[in-house]
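Peer 1: My questions will all concern the structure given below.
The values are calculated or read from the model by the stated rules, or taken from the named source; none is laboratory data. Keep in mind it's a predicted model, so treat the numbers as computed, not measured. Positions of Cβ are generated from backbone atoms using ideal geometry, with glycine treated the same way; all protein chains shown enter the neighbour counts.
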Amino acid sequence: MSAVQDVGIVGAGASGLAAAALLAEAGVAVVVYEATPDLAALGSGITLQGNALRALDRVGVWEQVKERSFAFDVTGIRAPGREAPLVAEMRDNRMGGPAYPATAGMYRPDLAEILLGRARAAGATVRFGARVTGLTQADDRVTLTLADAAGASTTVTHDLVVGADGLNSTVRELIGIETRPEPNGMGIFRAFVRRPAGADHTELVFGGPSYIAGFCPTGEDTMYAYLVEDKQDRQGLTAAEGSRIMAEKARPYGAHWDDVRAQLEQGVEHVHYTWFTSHLVAEPWHRGRAVVIGDAAHSCPPTVAQGAAQALEDAVVLADVLTTHDTLTDALWTEFHARRVPRASAVVEVSNQIASWLLAHERGDVEGLHRVISDLVSQEP
Ligand SMILES: Cc1cc2nc3c(=O)[nH]c(=O)nc-3n(C[C@H](O)[C@H](O)[C@H](O)COP(=O)(O)OP(=O)(O)OC[C@H]3O[C@@H](n4cnc5c(N)ncnc54)[C@H](O)[C@@H]3O)c2cc1C
């Protein structure tokens, strides 16, 4: 017996689809409402650490993720400059346990497609082109107002609504949570490129004209490369402009960046630019029968690459408490928050601290903070 019989999930990102798959698998009726007309995950890569892979295994997609990602256990650090000497090569902790690699890089749309397939196979309904615009609660039911692409409105009701609707969450606003993501001052270019021979694990350069120049392999022939700068207004940037600016910014970096720069100079199809943000919704993350998870509840600069990992863990723990309690009681929410809030808070705090040191050009104990997070997220959530 589950605490709820039918759940509406707002948002078909990683957290929404993972929660949908787990709840539907347990026999709960699930409908996911997604505003975009189809899976619109940005066409760049994502770094999935061991605890994210463990969560994806819980969702039932590890075998597919393994097939379509690029696994490695080492991170290289190079010095800035054209010579780019290797400063350190560190063996990464397998945070999900020995069954998973330390890290797997992946093309984001592949992850989105796998999660969508899993949610549907488990029995969840996923409705694209359904934007949630209203939410009211009465008599143990939650009513959502949906707008379709033509602007026509309908309503649906559920036992529980999960706001997995990302950074600018509408559900968060509709249930009266005032916390909003704030820019932290940094912006990032990401380009999806051909993987140069020998670039078989993440390499990072701290310093030079960019705060971070890095890349992460995502497949036999692919990887994504990124440059972190002071945030700028680059709205409406085309792929051609992004490639040109990124190529220019990559000029002072050497080693595999020579190959990346050559590709950027030719023009790369997938180049994205976004600002880093930070926020953390204070406990509780629910109001009545509506709860926010993933980026709706917390965001941070990806300096420890844990955002999606934490979003997936939110989904796993929420599905756990909803399917192991018989009713939606305070005890259920207490357990949910005890298992999620300290962990997500630590990730936000550490990620912000590392970003602040970079912004101040200060050398803090980055390795020490990485160890803190690694020890924490190595534990089951
Ligand atoms: C530059 C950058 C790099 C990152 N790199 C990493 C990394 O390497 N590793 C990592 O673990 N994490 C990383 N992250 C974090 C990670 O991308 C996010 O934490 C994760 O994608 C959040 O997933 P989500 O499901 O919570 O939200 P989202 O993926 O944002 O999904 C929300 C969904 O809700 C939909 N939606 C929004 N409003 C509505 C509405 N009103 N009605 C219906 N649908 C709606 C949206 O269209 C969207 O599909 C990075 C983040 C950034 C910004």
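Peer 1: Sort out which residues of segment 215-236 are surrounded by fewer than 18 Cβ atoms within 10 Å (Cβ to Cβ) and not in a strand (DSSP E or B), and write them in order of number.
Peer 2: Across segment 215-236, the qualifying residues are G219, E220, D221, K231, Q232, D233, R234, Q235, G236.
Peer 1: Go through the residues of segment 183-202 one by one and say whether even a single one is small (G, A, S), buried (at least 21 other Cβ atoms within 10 Å of the Cβ), more than 16 Å from the ligand (Cβ to nearest atom) and in a loop (DSSP other than H, G, I, E, B).
Peer 2: Yes - at least one qualifying residue is present in segment 183-202.
Peer 1: From the list W275, W285, W257, which residue is in contact with a strand residue (DSSP E or B) (Cβ under 9 Å, 6 or more places away or on another chain) and surrounded by fewer than 18 Cβ atoms within 10 Å (Cβ to Cβ)? Walk me through it before giving the result.
Peer 2: Values: W285 fails: surrounded by fewer than 18 Cβ atoms within 10 Å (Cβ to Cβ); W257 fails: surrounded by fewer than 18 Cβ atoms within 10 Å (Cβ to Cβ).
When all the criteria are applied, what remains is W275.
Peer 1: Only one of (1) more than 16 Å from the ligand (Cβ to nearest atom); (2) out of contact with any Gly (no Cβ under 7 Å at 6 or more places or on another chain); (3) among the hydrophobic types (A, V, I, L, M, F, W, C); (4) assigned to a helix (DSSP H, G or I) is not met by M246, so which one is it?
Peer 2: Looking at each condition in turn, M246 falls short on (1).
Peer 1: What are the residues in segment 122-139 that are in contact with a strand residue (DSSP E or B) (Cβ under 6 Å, 6 or more places away or on another chain), in contact (Cβ under 8 Å) with a residue 60 or more places away in the chain and either closer than 30 Å to H370 by Cα or part of a strand (DSSP E or B) (or both), if any?
Peer 2: T125, V126, R127, F128, R131, V132, L135, listed by residue number.
Peer 1: Moving on to the next point. Which ones in segment 24-60 are buried (at least 23 other Cβ atoms within 10 Å of the Cβ) and among the hydrophobic types (A, V, I, L, M, F, W, C)?
Peer 2: Within segment 24-60, A24, V28, V30, V32, I46, L48, A52, L53, A55, L56, V59 meet the criteria.
Peer 1: Another question, then. Test of understanding: among A319, A309, A331, A346, which residue is assigned to a helix (DSSP H, G or I), hydrophobic (A, V, I, L, M, F, W, C) and under 19 Å from L167 (Cβ atoms)?
Peer 2: Going through A319, A309, A331, A346 in turn, the sole match is A309.
Residues are listed down the side, and each one gets a yes or a no for (1) without any contact (Cβ under 8 Å) to a residue 60 or more places away in the chain; (2) small (G, A, S):
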position	(1), (2)
E89	yes, no
P98	yes, no
T103	no, no
A112	no, yes
R120	yes, no
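Peer 1: Turning to a different aspect of this structure: If we keep just the residues of segment 157-179 that are within 17 Å of the chain's Cα centre (by Cα) and in a loop (DSSP other than H, G, I, E, B), which is surrounded by the most Cβ atoms within 10 Å (Cβ to Cβ)?
Peer 2: A164
Peer 1: Quick one: which residue in D148, D165, D159, D139 is more than 9 Å from the ligand (Cβ to nearest atom) and under 18 Å from V30 (Cβ atoms)?
Peer 2: The unique qualifying residue is D159.
Each row is one residue, and each column tells you yes or no for (1) in contact (Cβ under 8 Å) with a residue 24 or more places away in the chain; (2) of a type outside the set (G, A, S).
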residue: N184; (1), (2): yes, yes
residue: T202; (1), (2): yes, yes
residue: V205; (1), (2): yes, yes
residue: C216; (1), (2): yes, yes
residue: L227; (1), (2): yes, yes
residue: K231; (1), (2): yes, yes
residue: G242; (1), (2): yes, no
residue: A247; (1), (2): no, no
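Here's the yes/no breakdown for (1) aliphatic (A, V, I, L, M); (2) at pLDDT below 95; (3) more than 30 Å from D6 (Cα to Cα):
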| position | (1), (2), (3) |
| --- | --- |
| E313 | no, no, no |
| L332 | yes, no, no |
| A338 | yes, no, no |
| A346 | yes, no, yes |
| L359 | yes, no, yes |
| G364 | no, yes, yes |
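Peer 1: For segment 234-254, indicate whether the set of residues that are on the phi > 0 side of the Ramachandran plot and among the hydrophobic types (A, V, I, L, M, F, W, C) is non-empty.
Peer 2: no
Peer 1: Considering (1) closer than 29 Å to G198 by Cβ; (2) at pLDDT 95 or above, say which one A122 fails and leave the rest.
Peer 2: (1)
Peer 1: Out of curiosity, is A296 within 18 Å of A14 (Cα to Cα) and buried (at least 21 other Cβ atoms within 10 Å of the Cβ)?
Peer 2: yes
Peer 1: Right, next: Show me the strands (runs of 3 or more DSSP E) found entirely inside segment 1-95 where at least 2 residues are under 16 Å from A311 (Cα atoms) and either within 16 Å of the ligand (Cβ to nearest atom) or modelled with pLDDT under 95 (or both).
Peer 2: Per the criteria, 6-10, 45-49.
Peer 1: Please find, among T277, T238, the residue that is within 16 Å of the ligand (Cβ to nearest atom) and of a type outside the set (K, R).
Peer 2: T277
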